[in-house]
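Derivation of every value follows stated rules applied to the coordinates shown; laboratory data play no part. All values reported here derive from a predicted model rather than from experimental measurement. Note that we place each Cβ from the backbone using ideal geometry, even for glycine, and neighbour counts take in every protein chain shown.
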Amino acid sequence: MDTSKLAWQCRRGMLELDLMLESFVRHGLPTLTDDEKASFEQLLTYQDQLLFDYLLGDSKPTDGRMMSVINKIKQTAAHST
């Protein structure tokens, strides 16, 4: 997994998503297992509105693996502010 490629994919159409995802790539990505990294890459294929709903809204994915990564992104964002 190329970190610079992931960082580029974190550039979204919504500032809130940009900030959370880019911070996570810098601070949280190194702590992920290989399976979690694969889930994060999959998460980056989601539409911006769905990502927004998962990361900043009240929606939750049904996939537990994805929920775990989303929680880690939220935790990283909370600690980096």
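Taken as Cα centroids, region 52-81 and region 6-44 sit 11 Å apart, rounded to the nearest whole angstrom. Each of 35, 53 was scored by other Cβ atoms within 10 Å of its Cβ. Listed from fewest to most, they are 35, 53. Here the chain is treated with +1 on each Lys and Arg Cβ and -1 on each Asp and Glu Cβ, and its dipole about the Cα centre works out to around 140 debye. Each other residue within a Cβ distance under 13 Å of residue 39 adds +1 if Lys or Arg and -1 if Asp or Glu, for a net charge of -2. Taken along the Cα-to-beta-carbon direction at a fixed 7 Å, the label points for residue 44 and residue 9 span 0.4 nm.
Each Lys or Arg adds one and each Asp or Glu takes one away; over the other residues whose Cβ falls under 15 Å from the Cβ of residue 59, this sums to -3.
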